[in-house]
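Asker: Please see the structure below; I have some questions.
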Amino acid sequence: MNPLAHLARRGPRPAETPPAGLGGADVGPGALSTLELERAPETGSGPAEPTDAYAADRFTVDPSEWGEVGALDPDDWNHGVPAPALPATSTSTVRQQTTPVRLLGRLALVVVLSLVAFHHSVGSLLHTIGSGSIVAYVLAVPLYGALAAVAGNRRPGVVLASGVRVRDVVLGAATCLVALGVTTLLGPGLSGVYGLWRLDLLMLWLFLLGATVLCFGLRQVVRSWLFWAVLLLLWPFPVRLANSVAGGAVGGALLLVLVVLAVVALGHRPHDPPRRRVLGSTALVGLVVLALSGLTTHPQRLLWGSVVATVVALLWWAGQAHRPSLASVPERRVRGGAVVLVALAVVGLLALPAAPRAAAPSTPTGVTSLSLGAVEVPGWDTTARRTSKEQQRYFGRTSTWQRISLRQDTGTADTTGRDIVVDVISTPRPQVLDLYPVVTTYPMGTLSSTPDAVVDLGHGVQGQVFRAHDAGRDIGYTLLTFSWRLPVDIALTGGYTGPRAQLTQRITLIAVDDQREDAPFPTPGNATLDGIRAAFASLGREPQVRAGARLQSDEQLLDDAARALVHQRLTGG
């Protein structure tokens, strides 16, 4: 018999029992008290949460007074009293027990379907990693996420469970749709700066977040906020920004080590080894590995220090590890969440555009006499030359940058020709040219992220024409840029000993609409903000690229100069 029902049928209390006994005082053998009883967790597809009326009817009894009830285990009286039956919940909600193995299987489903939806981005990422890019650190992000998950689960009171409500399904599905929509809309507009921004990977993170809300509920996502903050490293832009500020891959490497140290600090518990000892040893090992990894010549190794630091932190916590429990845990979720996620993955599979691929450096043809000396352009006089190391923070410490100022030779002393400049960036790492296109290299205002025209410069070399306007100076600029990979073996300054035929150059010719002699030319610098404005200015419209036969006056001027430069460098004439 239900103990509470048994108590409800009990006769009236003895008249001599004073009211004070209701406060819990012992007034005689078998006296009742109204000490509040902790309600046991529900099992199976049982009733819903108790209402206030039921919550007020809680008692503790002396098991020896009631023979029928005393047959139960005395320990069960504080933790195992069955709850009174309540009306059943909605048929759209399943309230049951589940196992950690099933929860892990559901998590694997979330990951697999997210990767299916963004398969173009995953393929592009693997291609970029294979080319030796610093984005290779993304392979270690799951390890960083595992460290964050362990740190979060070490907090007291964390229980593996799942609670999905209708509003969680709506919120998760809406988040996934936003990720798909942003990727579809921004794809064409960001094609010129795709390699630098990789917003598709940021949207992949957002899709994973929405899918997790859809399958596990918002509460579980909020509880694991540290994991999601670390998983945001899937977006490589913060690491590249750190590299830009620090002047090399050491910036991104230090950022990754700092993230690991922050996770270790947040996961510390009072009975752990001293925080100073754990953080100090983790930081020391990570920094020593960074110093020995040779980031100057191998920037893709920036993940080594953070990976070793993560392993050290996990070893410190291994002494407090407990065997994971496979016992069932309570679950409350809405039916159909997995079906919604499958439908969203199919939408992403069919609707997301392919990841844009930057044009590879041209491989010149018809090379008869390769000239590697100073840049000379037939029909133009060289008026100045200068070099700078500023661009090494973007294109590597073994890269070089040179600016040549040219003046058009008119053949007569009475007529002064136009002035242009030629910027030559040489690097043994061709992949960095995709990361930092022209729009992010020259801070000049309204430079478009996509070219205005494409021209054929001969010998299999393709050039791109850009137009820009500097509102601050009220000056217009015209740029013609091309890149090529020269078929030579050359050791650049810094002791580069890379593979054969890896000297890659980007050559940019710039003309100013203001034809005065003192007209300012733009200099290479950090044009990240200009890249942002150019990307968002091009949203919602397809790039319009003109043919080379429809060039304007300054564009034709640069086209003739570029053709002469290409021919002179490849044939010596």
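The values are calculated or read from the model by the stated rules, or taken from the named source; none is laboratory data. All figures in this text were calculated on a predicted structure; none of them were measured in a lab. All Cβ positions, even for glycine, are placed from backbone atoms using ideal geometry, and neighbour counts span all protein chains on display. For accessibility, only protein heavy atoms count, side chains too; no ligands or nucleic acids. Shrake-Rupley method; radii C 1.70, N 1.55, O 1.52, S 1.80 Å.
Asker: Whole number in Å², please: accessible area per residue of the range 196-278, 1.4 Å probe, ligands, DNA and RNA not counted. Please list the in-between numbers first.
Answerer: Values: 3260 Å² over 83 residues.
Roughly 39 Å² per residue, with all protein chains present.
Asker: Now, a different point. Using a basic spin-label model with each label point 7 Å from the Cα along Cα→Cβ, how many nm lie between R385 and A354?
Answerer: 4.3
Asker: Still on this structure: Provide the net charge surrounding G294, with neighbours chosen by a C-beta distance below 12 Å and charges set as Lys +1, Arg +1, Asp -1, Glu -1. Present the calculation step by step, with values, prior to reporting the outcome.
Answerer: On the way: positive: R301, R397; negative: none.
Summing Lys and Arg as +1 and Asp and Glu as -1 gives +2.
Asker: Simple spin-label model, 7 Å along Cα-to-Cβ: T296 to V346 in nm?
Answerer: Simple spin-label model gives 5.7 nm for this pair.
Asker: Mind ranking 205-218, 104-117, 229-242 by how tightly packed they are, going by the mean number of other C-beta atoms within 10 angstrom, highest first? Let's see the in-between values first.
Answerer: On the way: 205-218: 23.8, 104-117: 16.7, 229-242: 19.2.
Ranking, from highest mean packing down: 205-218, 229-242, 104-117.
Asker: Stretch A229-A265 to full length: gain in nm at 0.36 nm per residue minus the Cα-Cα span?
Answerer: Numbers: separation 36, 0.36 × 36 = 12.96 nm, distance 1.47 nm.
Contour length minus the Cα-Cα distance gives 11.5 nm.
Asker: What's the local net charge at W484, with K and R +1, D and E -1, over the other residues with C-beta under 14 Å away? Each step should come with its number before you reach the end.
Answerer: On the way: positive: R485, R506, R563, R569; negative: D456.
The answer is +3.
Asker: Going toward the positive end of the dipole of the range 233-341, with +1 on Lys and Arg Cβ and -1 on Asp and Glu Cβ, which of L284, A313, V245 do you reach last?
Answerer: Going by the charge dipole, the pick is A313.
Asker: Could you work out how much longer the chain between T365 and L314 gets when fully extended? Use 0.36 nm per residue separation minus the Cα distance between them, nm to one decimal. Walk me through the intermediate numbers first.
Answerer: Details: separation 51, 0.36 × 51 = 18.36 nm, distance 5.46 nm.
This chain segment gains 12.9 nm when fully extended.
Asker: Given H placed 1.01 Å from N in the peptide plane, which residues other than close sequence neighbours of L503 have an amide H under 5 Å from its amide H?
Answerer: So L503 has HN proximity to L486, V488.
Asker: Calculate, in nm to one decimal, what E376 and Q96 gain on full extension: separation in residues at 0.36 nm each, minus their alpha carbon distance.
Answerer: Working: separation 280, 0.36 × 280 = 100.80 nm, distance 7.84 nm.
Taking E376 through Q96 to full extension adds about 93.0 nm, to one decimal.
Asker: Along Cα→Cβ, 7 Å out, is where each label goes; now give me the distance between the ones at S328 and H469 in nm to one decimal.
Answerer: Placing both labels 7 Å along Cα→Cβ, they lie 7.1 nm apart.
Asker: OK, next. From the phi of every residue in the range 554-566, what ³J(HN,Hα) in whole Hz does the Karplus formula 6.51 cos²θ - 1.76 cosθ + 1.60 yield, where θ is phi - 60° and glycine or proline is x?
Answerer: 5, 5, 5, 4, 5, 4, 5, 5, 5, 4, 5, 5, 4
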